[in-house]
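Comments concern the structure below.
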Amino acid sequence: PQWCQNAISSVLPYTTKPQPKPVVLLDEEIEEKHVRGWGNGGQKLNKTSSCVQLLHKPTGTMVICQDTRYLQQNRKIARKRLTEKLDLLFNGEHSKAGKKIQKLQARKHKQRQRSKKKYGGVSEDAEKSEDGEATKKPDTENSKPE
């Protein structure tokens, strides 16, 4: 019955996952510079100051963005990247990027485990001797008796 499920769930201990702290960028904490661009993109890119450098003063974290030819787009992209960097710095593995990294690491670990199960451990042919050189065992089946 419904009343029984509610009674059981109220008795079980309540556990919460640690919530990541939201990162808020304050204009007072950010130093923004507009510098001339460099690299591919032609004369227009190299003549105008469309590259954006953002410095978060409390942490000393710097982000440089020169993705587009336009200053306003670069400012928007740079702020987004700075927010992501600070999120990773403050929240660590609970941040959006941290969770993505953990997911990739878990996938790689699972692939390695499958590979070890399928192919076994290290092959005998690739064993290293004390010299550090790979030694190959003689193949007795294919050798011709003299």
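The values are calculated or read from the model by the stated rules, or taken from the named source; none is laboratory data. Remember, predicted model here, so these are calculated numbers, not experimental data. Glycine also receives a Cβ, built like all others from the backbone with ideal geometry; neighbour counts cover every protein chain displayed. Surface areas here come from the heavy atoms of the whole protein model, side chains and all, with no ligands, DNA or RNA. Shrake-Rupley method; radii C 1.70, N 1.55, O 1.52, S 1.80 Å.
Numerical summary
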{"item": "Restraint check, Lys76/Lys100; Lys57/Lys100; Lys33/Lys108; Lys33/Lys85; Lys85/Lys108; Lys44/Lys80, Cα-Cα greater than 30 Å", "result": "Lys33/Lys108"}
{"item": "Ordering of 40-52, 67-79 by packing [mean C-beta count within 10 Å, highest first]", "result": "67-79, 40-52"}
{"item": "Solvent-accessible area, 1.4 Å probe, carbon plus sulfur percent, for the stretch 59-107", "result": "56 percent"}
